[in-house]
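Following: one structure in structure tokens, then a few remarks.
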Amino acid sequence: MNAPVTTFHRFDALEDRLTEAPDRVALYADAGFAAMLTDRLDHLLKRPDMILSLDVFDTLLLRDNSAEVTRFVEFGAAMADVAQGAGVDVDADTAFLARHRGTRASYRTTRAVNGCREGSLSEIHRVASRLLVGDDRLTADFIAAELAAEQRRLTVNPALAAYVAEFKARGGRVALVSDMYMHRAQILTLLTGAGVDMDQVDLLISSADTKVTKGSGGIFPLVEEALGATPDQFVHLGDSFRGDVRQPRLRGWAAQFLPLSRTDVVARQADHKTTMADLSSRLGFAPKIAMPKG
């Protein structure tokens, strides 16, 4: 009988360095830290048949420290530009609210799979287009505008990109697994735009397509099936303890936690408060958008 997987986790030296980093992007670019990370991954990926699995956002792609709500406001402004370019008089706040309503509709009405619901960027902007212009005609342009705005706030993780290239060169396989409302093709656009060599990636899978998530544990069997592999072959990396560490370990995968730094969290929370106060002042109410988690 297998021993139960504990939920207790004591930070190791690698995780401590990340947690205390004043600049996470600079830390990943530091040769000494990159060597430390390489040694850890080489130790975990000790068999030639093992597979490297990575989270996408805040792992392989690093976000800046804007809050999610700040990015949503930017998306609203980009959507308003699209609408005005199509001859429809829409202001940025109205477009932001249409996207917000589209998000709530997408998560509430999507078909549940094994008890999980995940949003869809395509559905979000289909609803937003219908609210703003009465039909679907701006859906694709809204999506493109949002992806362009997202791209500007993303950089590739240099240490992980270098490790992926080296791991593939020695015959390894690589999977990218994302809990995200963006579909595979949309995430692919951001990865290639950031300079990720997708020839080095064997599988890219998103919960927007599967509806089951890392957080629920339901996506991991789908990754195994797609790659014809067993749980003991995987090492997964990511910044969410539940989705990237606890759940894969419960499945029998090895996992390495790559947490956000305290600096990241504090900066994102401060930005969230500033943007929410500004929205509340302009709109007369505060939309329900969660504070970034510590």
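The values are calculated or read from the model by the stated rules, or taken from the named source; none is laboratory data. From a predicted model like this one, the values you see are computed outputs, not experimental measurements. Here the Cβ is made from the backbone with ideal geometry for all residues, glycine too, and neighbour counts use every protein chain on show.
Just wondering, is there one or more residues in the range 284-292 that are of a type outside the set (Gly, Ala, Ser), outside the structural domain of Ala98 (by TED's automatic domain parsing), touching a Gly at 6+ places or on another chain (Cβ under 8 Å) and assigned to a loop (DSSP other than H, G, I, E, B)?
The answer is no; no qualifying residue exists.
Restrict the check to the range 269-276 and report whether at least one residue is of a type outside the set (Asp, Glu), under 23 Å from Pro22 (Cα atoms), surrounded by 18 or more Cβ atoms within 10 Å (Cβ to Cβ) and touching an Asp or Glu at 6+ places or on another chain (Cβ under 9 Å).
yes
Here is a list of conditions, (1) at pLDDT below 95; (2) loosely packed, with under 15 Cβ neighbours inside 10 Å, and Val212 meets all of them except one; can you say which number that is?
Failed condition: (2).
Could you give me the residue pairs with C-beta distances under 8 Å whose first residue belongs to the range 46-72 and is at positive phi, whose second residue is of a type in the set (D, E, K, R) wherever it lies, and which are 6+ apart or on separate chains?
Note: pairs meeting the criteria are Asp58/Asp239.
Please go through the range 11-26 and pick out each residue that is part of a helix (DSSP H, G or I) and free of Cβ contacts under 8 Å to residues at least 24 places away in the same chain.
Ala13, Asp16, Arg17, Ala26, listed by residue number.
Residues that are within 20 Å of Trp253 (Cα to Cα), crowded, with 17+ Cβ neighbours inside 10 Å and out of contact with any strand residue (DSSP E or B) (no Cβ under 6 Å at 6 or more places or on another chain): does the range 183-201 have at least one?
Taking every residue of the range 183-201 in turn, none turns out to be within 20 Å of Trp253 (Cα to Cα), crowded, with 17+ Cβ neighbours inside 10 Å and out of contact with any strand residue (DSSP E or B) (no Cβ under 6 Å at 6 or more places or on another chain).
If you go through the range 150-161 one residue at a time, do you hit one that is closer than 30 Å to His43 by Cβ and crowded, with 22+ Cβ neighbours inside 10 Å?
Yes, the conditions are met somewhere in the range 150-161.
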